[in-house]
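These notes concern the structure reproduced below.
The values are calculated or read from the model by the stated rules, or taken from the named source; none is laboratory data. Not measured: the values here are computed from a predicted model. Glycine gets a Cβ as well: all are built from the backbone with ideal geometry, and neighbour counts include every protein chain shown.
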Amino acid sequence: MAKRKLRLIMLLLAWMFTLAIKPVGAQPQINEQGYAHNDCLQKRPLFDALENGYVNIEADIFLRGGKLIIAHWFPYLKINRTLEDMYLSPLKKHVQQNRNDSLINLKPITLLIDIKSSPEETYAVLRKLLERYTDILSSYENGTFRQGLVNVVITGRKPAAIIRQESKRLVMLDDFLDAPSNDPNYNLYAMASCKYSHVLKWKGKGKMPLVEKLKLQELVAMAHLQGKKARLWASPENDEVRQQLLNCGVDYINTDRLLELKAFLLTQKVSLPVIVKNKD
């Protein structure tokens, strides 16, 4: 009960803050720095993210029985929670409903797919599935990139060698922020990520050590030089850490606490979130 009240209070404060700083009649904007790390414990992970303005959303998948099942951990695997039903089909409906709405400043949505099972077998099934959604997906063919309304980025157990050889592909890759590849084909990578603890030990108490700050800034600068967005995952969920990540140029702030991060980013005067339409 206490947690529910806290969530309601945070949502109300975020809404009131939005009204206070957004001019009347202004076109709402989408929050591009928030990264919704959604997992199997959330009842409606996609629309919880979209309705709070997130356009960077993660989905973890296992290949089981020929289906791509949404689950962050194997014990939570449920055969009826598929990638298509929970993400791809609703995303297609979402962009079709909102792409021509003058009140919606529709930004491309990045769907980061974290492969948890055999990379080659899982990607083979995923590739066939994505082909059914080419009308909304970004693509790369024979040296030409076409921007769609949904960018698919592969992380986790990614079959990089297979994807690298595709002359026509519907996905990009998530590189390692702390150990970037030497691949000159930079258009293959959309971002570079690593676990927070691989780079930083500071958890938000006291001043951030200068040596850690410089290390992170160097990694972020290298990623940006190669055209990649920078992200740390499993970072401490507090405003002190979030602030320093932004100060160091990190592009995506990872969270499982959508309302909490949304409220923080509003105080930074970054892009405001927008409530999207979800017509069933």
### Task
With the condition kept exactly as written, say whether any residue in the stretch 118-133 is of a type outside the set (A, V, I, L, M, F, W, C), at pLDDT 95 or above, over 30 Å from HIS198 (Cα atoms) and surrounded by 13 or more Cβ atoms within 10 Å (Cβ to Cβ).
yes
### Message
Is it the case, given these coordinates, that VAL241 is without any contact (Cβ under 8 Å) to a residue 60 or more places away in the chain and outside any loop (DSSP other than H, G, I, E, B)?
### Response
yes
### Query
How about the stretch 140-179: which of its residues are in a loop (DSSP other than H, G, I, E, B) and within 24 Å of ILE57 (Cβ to Cβ)?
GLN147, GLY148, LEU149, ARG157, LYS158, PRO159, GLU166, LEU170, VAL171, LEU177, ASP178
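Here's the yes/no breakdown for (1) free of Cβ contacts under 8 Å to residues at least 24 places away in the same chain; (2) assigned to a strand (DSSP E or B); (3) within 15 Å of the chain's Cα centre (by Cα):
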position	(1), (2), (3)
SER193	no, yes, yes
LYS205	no, no, no
MET208	no, no, no
ALA230	no, yes, yes
SER235	no, no, yes
LEU246	no, no, no
ALA263	no, no, no
LEU266	no, no, no
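Being over 15 Å from the mean Cα position of the chain (by Cα) and either at pLDDT 90 or above or not in a loop (DSSP other than H, G, I, E, B) (or both), is that true of even one residue in the stretch 43-58?
no
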### Message
I'm told VAL211 meets every condition in (1) among the hydrophobic types (A, V, I, L, M, F, W, C); (2) surrounded by fewer than 14 Cβ atoms within 10 Å (Cβ to Cβ); (3) over 30 Å from ASP239 (Cβ atoms) except one. Can you identify the failing condition by its number?
### Response
(3)
